[in-house]
1. On a 0 to 90 degree scale, rounded to 10, what angle separates helix 25-36 from the longest Cα axis of the chain?
2. So what's the gap between the Cα centers of region 332-380 and region 280-330, to the nearest angstrom?
3. Taking Cα centroids, how far is region 202-247 from region 146-164 in Å?
4. Among HIS395, HIS224, which comes first, then next, by fewest other beta-carbon atoms within 10 Å?
5. Using only Cα atoms, tell me the angle between helix 48-61 and the longest principal axis of the chain; keep it within 0 to 90° and round to the nearest 10.
6. Please give the contour-minus-distance gain from ALA155 to ILE126: 0.36 nm per residue of separation, less the Cα-Cα distance, rounded to one decimal in nm.
7. Based on the Kirkwood radius over alpha-carbon pairs, what value in µm²/s does the Stokes-Einstein equation return for the translational diffusion coefficient of region 210-335 at 4 °C and 1.567 mPa s?
8. What spacing in nm lies between the two simple spin-label points modelled at GLN378 and ASN201, each 7 Å away from Cα in the Cβ direction?
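All of the numbers you see were taken from the coordinates with simple rules; none came from a lab. Here the structure is a predicted model, which is why all the values come from computation and not from measurement. Quick reminder, even Gly has a Cβ in these numbers, built from the backbone with ideal geometry, and neighbours come from all protein chains shown.
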Amino acid sequence: MRPGRQFPRPHKTMKKILDYINSRRSEIVKLTKTLIEIPTQNPPGEHYEEMVRVIEKKCRAMGLSTKRFITPRAYLRKKGITTGSERINLIADWDLGHKETIHITCHYDVVPATKNWDTHPFKAHINKDKITGRGAEDMKGTLCAAIFAVEAIKALNRKPGANIQLSFCPDEETGGETGFGWLVKNGLVKATAGISEGYSNNFISIGNKGVYWFEVEVIGKSAHGSMPYKGINAFEHAADLAQEFKNLKAKIEKKKSRFMTKDSRDRFPTLMMGGEVLGGCKVNVVPEEVVFSVDRRLIPEETRETARRQVREVIKKFCAKNPRVRIRINEKICNSPCVSESRAPVCRAMASAVKTVTGKDPKFAIMAGATDLRFLMQHGIPCVGYSARGGSRWHSDNEYISIKSIQNTAKIYCLTILSPLL
C-alpha cells in the first residue's frame, strides 16, 4: 500500500457490494438480454453501431465520459476486411486524477450462430438461472458484469485508488488487430493494469498461448478430368502436404509447458488444419489451386520465430520432392505467447476477490485461447482474465450464461478494482 492512501474497511465494502449487485439482478438480466439480441456476428461484423449505442448510453448514465474511435477503412483493407459495419471502438473513462489506470476491455462481437440450436440464437431465452443465446458466455455476460461492477462502485460512492478506463471493441473473434489491437497500437489506451475475459470459477488467467494463423496455398495446373495426367492436381498435393504438417504436429505435441492450465491437455502446443478450405471449381476439372488454413498455438516456452522456421522447413522439404508444385504461405496472425507475473498487484488483488466471492482457493493458469489482453501484455502491462461462467459452450450450439455467475463476476471485478493491493 502506498503512503497516504485511505481505503474503506474491507468487510463493510464487501457487504455493501454484494448486497447492491444482488439487488440489481433484474437490470443485469435485462442488459444481458439486450446485448445478446443485437446480432453482432463476425464475420462479417454486423450491427456494431447499434451495439455501441446501447453500451454508450449505459456508460453515460453512470457518469462516465465516452469517446468513439473508428478503425480506418484503409487499415481494415490491409487486414483483409472489406465488408460489414464500421469498426467502432468505444472508450469510457472515470478519471480520478491518479497516476495509475485500471483498464477493463470487452469485445462485443460474436462468432456466427451454428445451425443446431434448441432456441433462436439471437432471442435470449431465460430459464431460471440460465440466459441462452449466441455470445452469452463469450463475452456479453462478462461485458455486462464489467459495467455493473463500475456502476456499483459509483453508486456506493467508493473511490478506487486508480483511474478506471473501459473499452468496448469489435473484431476480437477475428484476431483483435482491427479492434482493441488497433487502439493499443495507436496509443489510445491508458493502462497500468488490465482486466478482461478469461477463466471462471476459482481459476484466473494470467496469459495465453501464442497464435500463429496462416494459409497454405497449393498451386498446380488445371486440366480435363478425363485426362488428369495433363494437369497438376493441387488437391492431391495439398493432401500430401497436410500429412507433412501432421508429422510436424506429432513432433511439437511432445512438448509440455511448465505453466498450469485449467485443462491439463492445454499444456501442450497444438496445430489444427482445415478450419477454412478453398479449392476446385467443377467435378471434371483438375483443381489448379487449393488453400487450407493452419491454426498453430504456442506454449510460453516456444517463440514465434521457431514456429515460423518449422513451417518453412516443412515447405522447403515438400517442394524439393515435388518441384512442379508451387506453395505460398499467407500469414494472418503471428503473436507471441504472453504471461503476466502472478505476484503482480492486479493478480494478487483478483486472487483475493475470487477467494472472497467463491470461497475457493484461487489458481493462476494460462489459457489455450488468446484474448485481447495480449495487446497490453506485449507491452509489459500486467493483466488478469476472469469471466462469468456458463456451460463452456463458446462458439457452439446452445451457448448460455449463469445469471448468478454474472453477478459474482461483477462482485469480483468490484473488489479487484477497490483492492488496497493496487
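1. 20
2. The distance from the Cα centre of region 332-380 to that of region 280-330 comes to 33 Å.
3. 49
4. The order, fewest Cβ neighbours first, is HIS224, HIS395.
5. 10
6. Answer, rounded to one decimal: 7.7 nm.
7. Result for D is 83 µm²/s.
8. 3.2
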